[in-house]
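Single-structure report; data block below.
The values are calculated or read from the model by the stated rules, or taken from the named source; none is laboratory data. Since we're looking at a predicted model, the values are computed, not measured. All Cβ positions, glycine included, derive from the backbone under ideal geometry; neighbour counts span all protein chains shown. Side chains are part of the model used for accessible areas, which takes the heavy atoms of the whole protein and leaves out ligands, DNA and RNA. Shrake-Rupley method; radii C 1.70, N 1.55, O 1.52, S 1.80 Å.
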Amino acid sequence: MRLTQGTFSFLPDLTDEQITAQVQYCIDQGWAVNIEFTDDPHPRNTYWDMWGLPMFDIRDAAGVMTELTACRKVYGDRYIRISGFDASHGWESVRLSFIVNRPANEPGFTLERQESEGRRVLYTTRAYSAQLPEGERYA
Amino acid sequence: MPAPLMAVPPEAAGAAPAAVDLKADFEASGLPEIFDQLDREMVGLAPIKQRLREIAALLLVDRARQRFGLAVGAPTLHMSFTGNPGTGKTTLALKMAAILHRLGYVRRGHLVTVTRDDLVGQYIGHTAPKTKEVLKRAAGGVLFIDEAYYLYRPENERDYGQESIEILLQVMENQRDDLVVILAGYADRMERFFQANPGFRSRVAHHIDFPDYGGEELLEIGERQLETMNYRFSPKAKAVFARYITLRRGQPHFANGRSIRNALDRARLRQASRLFQRADGPLSVDDLTVIEAEDILASRVFADMPTGDAPARDTPAGKEAP
């Protein structure tokens, strides 16, 4: 099951050229660009690991793309996303976030139903891949 | 600022235009403006301005060729600026960034100035991230490495500079469309640096040598600097300053434009204290802007003159002369 999170997620995967253009847009808006990766695709997992520091002082997308290439070399088998953080007063939050790398095989999620007292049902989504320990999930 | 023209995708060979107008291209690129500015703001340096025009012409012709579908080697634009201190290397690097941006060979046209400190780390494993960080910052612009020869320290085998050099060389070769590297430094030491690192020499296409300024050029530089600070010489002061330049050039540690700037800063200091000590009434704008001959004559340069015609010095001058 193809993971759909963040902007552009229902489109086909972005090419590097398209990623460059989006990153340049973030830079032109004055947002700090971050590269994050994870192997836990659960939608509630908001804390992805950061690749390096947020990039505040970069003028051109090429700098971000070299970092992305480096990140893909190490974590090419995981999800990688790029986010643009707007530090300006009143926003102070992520303005744009999109997936730029995904594992070759995405097993998707299972929906667990837990029957509790009465006729109540508790639902849990669980990623199949997250059953393995971290680091071994998409190997 | 007009958008760089490279953004226009080169037409397919089939749809090539019948002819290109280089003149119109030149006008459209916004280059005349920059060259005018260069002529206005930078005194002398005729051979360098000529060289810049040549480079710009080559890039324009390359672009025209591309439009006809003719083979164009991606131009190597890395440069080395050699010359004595204060000859305008950094200023020109800024202009170079603007020119390359107008021609569309760098995407942003910003200049990142670094020295050895910014590139070389202090312990094992510190250098590569540091250098890469700088390269990332410079991407899309011009990386100006001042006193580049300090990167290479032959006397210390375990110096980390070599690591930095290797990364630089790799990027200069593989990411030629991402950034342009300008190495700068004194001519003789740069020569030795290139001898020790042949990789650099072959990757640097343009070696530009900055000549020292002549006396008249220095005087003009001084006047322009004063103008930007809203000061001016009295006619007598101008003559004295010309003499000051002649004397100062003969002395050691003369740093061309920079020495002139320092001399003027000191003259302003003396002017201020002169006004302060003698002020017995309201001062006019003229009083505040004119540098008098005595402000310059108080300099130590005149005091060291071996000939006996050293001018009489003002009483407070002795303390102020550097």
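Residue-by-condition table, conditions (1) among the β-branched types (Val, Ile, Thr); (2) more than 14 Å from every other protein chain (Cβ to nearest Cβ); (3) touching a residue at least 60 places away in the same chain (Cβ under 8 Å):
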| residue | (1), (2), (3) |
| --- | --- |
| B:93 | no, yes, yes |
| B:146 | no, yes, no |
| B:163 | no, yes, no |
| B:173 | no, yes, no |
| B:177 | no, no, yes |
| B:194 | no, yes, yes |
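Restricting attention to region B:163-187, which residues are assigned to a helix (DSSP H, G or I) and more than 18 Å from the chain's Cα centre (by Cα)? Working first, answer last.
First, the residues of region B:163-187 that are assigned to a helix (DSSP H, G or I): B:163-174, B:187.
Within region B:163-187, B:163, B:164, B:165, B:166, B:167, B:168, B:169, B:170, B:171, B:172, B:173, B:174 meet the criteria.
Under the condition of being out of contact with any strand residue (DSSP E or B) (no Cβ under 6 Å at 6 or more places or on another chain), surrounded by 10 or more Cβ atoms within 10 Å (Cβ to Cβ), of a type outside the set (D, E, K, R) and on the phi < 0 side of the Ramachandran plot, the residues counted in region A:96-122 number 2. Only one entry in B:125, B:140, B:109, B:104 is open to solvent by 40 Å² or more (accessible area, probe 1.4 Å) and at positive phi, namely B:125. Residues that are touching a strand residue (DSSP E or B) at 6+ places or on another chain (Cβ under 9 Å), within 11 Å of chain B (Cβ to nearest Cβ) and open to solvent by less than 30 Å² (accessible area, probe 1.4 Å) within region A:34-86 comprise A:55, A:58, A:61, A:63, A:64, listed in sequence order. Once region A:1-29 is narrowed to residues that are charged (D, E, K, R) and within 23 Å of residue A:107 (Cβ to Cβ), the residue that is modelled with the highest pLDDT is A:13. Among residues of region A:85-114 that are farther than 19 Å from residue A:44 by Cβ, those with a beta-carbon under 9 Å from a residue that is polar (S, T, N, Q) and in a loop (DSSP other than H, G, I, E, B) at least six positions away or on a different chain give the pairs A:86/A:29; A:95/A:29; A:96/A:7; A:96/A:29. Selection of region B:46-84 for residues being farther than 23 Å from residue B:190 by Cβ and part of a strand (DSSP E or B) yields an empty set. Within region A:10-24, the set of residues being surrounded by 13 or more Cβ atoms within 10 Å (Cβ to Cβ) and either more than 14 Å from chain B (Cβ to nearest Cβ) or at positive phi (or both) comprises A:13, A:14, A:18, A:19, A:22. When B:12, B:24, B:46 are checked against the criterion of being of a type in the set (A, V, I, L, M) and modelled with pLDDT under 80, a single residue qualifies: B:12.
In this entry, residue B:30 is excluded by the filter for residues that are modelled with pLDDT of 85 or more, surrounded by 14 or more Cβ atoms within 10 Å (Cβ to Cβ) and at positive phi.
Before we move on, is residue B:233 surrounded by 15 or more Cβ atoms within 10 Å (Cβ to Cβ) and more than 22 Å from the chain's Cα centre (by Cα)?
Working: surrounded by 15 or more Cβ atoms within 10 Å (Cβ to Cβ): yes; more than 22 Å from the chain's Cα centre (by Cα): yes.
In short, yes.
Can you pull out every residue in region B:45-76 that is touching a His at 6+ places or on another chain (Cβ under 8 Å) and open to solvent by 10 Å² or more (accessible area, probe 1.4 Å)? Break it down stepwise before answering.
Start the filter on region B:45-76 by keeping residues that are touching a His at 6+ places or on another chain (Cβ under 8 Å), which leaves B:51, B:55.
Residue satisfying the conditions is B:51 alone.
Would you check if there is a residue in region B:149-157 being over 17 Å from residue B:79 (Cβ atoms), within 11 Å of chain A (Cβ to nearest Cβ), in a loop (DSSP other than H, G, I, E, B) and not hydroxyl-bearing (Ser, Thr, Tyr)? Before the answer, list the steps.
The first filter runs over region B:149-157 and keeps only residues over 17 Å from residue B:79 (Cβ atoms), leaving B:150, B:152-157.
With the extra rule that they be within 11 Å of chain A (Cβ to nearest Cβ), the set shrinks to none.
No: zero hits.
Across region B:116-131, which residue is farthest from the other protein chains (Cβ to nearest Cβ) among those that are of a type outside the set (A, V, I, L, M, F, W, C) and touching a helix residue (DSSP H, G or I) at 6+ places or on another chain (Cβ under 7 Å)? If we take residues in region B:116-131 being of a type outside the set (A, V, I, L, M, F, W, C) and touching a helix residue (DSSP H, G or I) at 6+ places or on another chain (Cβ under 7 Å), then B:116 is farthest from the other protein chains (Cβ to nearest Cβ).
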